[in-house]
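For reference, the structure discussed in these notes is given below.
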Ligand SMILES: [Zn+2]
């Protein structure tokens, strides 16, 4: 997994993105028994530590430099690791910043593939659908498949957001389907820009067994 540098002047993390990260972090604890905390992890983005007994909570430690969008992408990736039963007792799953050179490369690749299906709500696995609330976005998914598409959509959405505030449209559109769709599209786009491996164009079959 590697963040994509889009060359766009990305504004400070939006409240929407932070709120979504918080919501998904809560869901991770509720559905998967994962407790998250932040620490300094030089060279590593996150560690998932599994306890010796099945009922105890797992510990997710995320590096403090990881953005909200990237944290969301890590959550879906780790949910995929768990669906694939990589979280064996006392095993630590390491999400490094560079290329994985250990024998775990295949596990991370499999998790990426399943995470992509879980993210877009196309996982054929029942546990994949249970573990993650997928977004069935027929419009955004093809648009975000390529790097130029991601950059174009991001710029367009940021311009729309600026207009939304500049034109004081917020007064009329707050809590409407327009505002919700814009917020949702901004979140999905920010996460896929931070984690291009979630883009639909990166082909690979979903693991539909089990
Ligand atoms: Zn991984």
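Assorted remarks:
- Listed from fewest to most Cβ neighbours within 10 Å, the set 14, 56, 123 follows the order 56, 14, 123.
- In the chain, the calculated helix contribution to ellipticity at 222 nm averages -15000 deg cm²/dmol per residue, counting -39,500 (n - 2.57) for every DSSP H run with n ≥ 4.
- Computed from label points 7 Å out along Cα-Cβ, the spacing between residue 56 and residue 159 is 5.4 nm.
- Relative contact order (%) - the range 15-136, alpha-carbon pairs under 8 angstrom, separation at least six: 24
- Legend: P(r) of the range 15-172 from all alpha carbon pair distances, 5 Å bins from 0, whole percents, reading 2, 8, 15, 19, 20, 16, 10, 6, 3, 2, 1, 0.
- For the options 117, 169, 69, a Gaussian network treatment of the chain with springs between C-alpha atoms closer than 10 Å singles out 169 as fluctuating the most.
- Residue 104-residue 180 FRET efficiency (beta carbon distance; Förster radius 35 Å; 0.05 resolution): 0.35
- Computed log₁₀ I(q)/I(0) - Debye formula, equal Cα scatterers, no solvent, the range 114-203, q 0.26 Å⁻¹: -1.25
- Going from the fewest other Cβ atoms within 10 Å to the most, the residues 27, 118 appear in the order 27, 118.
Readers should treat all values here as calculations from the given coordinates under stated rules, not as data from a laboratory. Treat the numbers as computed from the prediction; the structure is a model and nothing was measured. Positions of Cβ are generated from backbone atoms using ideal geometry, with glycine treated the same way; all protein chains shown enter the neighbour counts.
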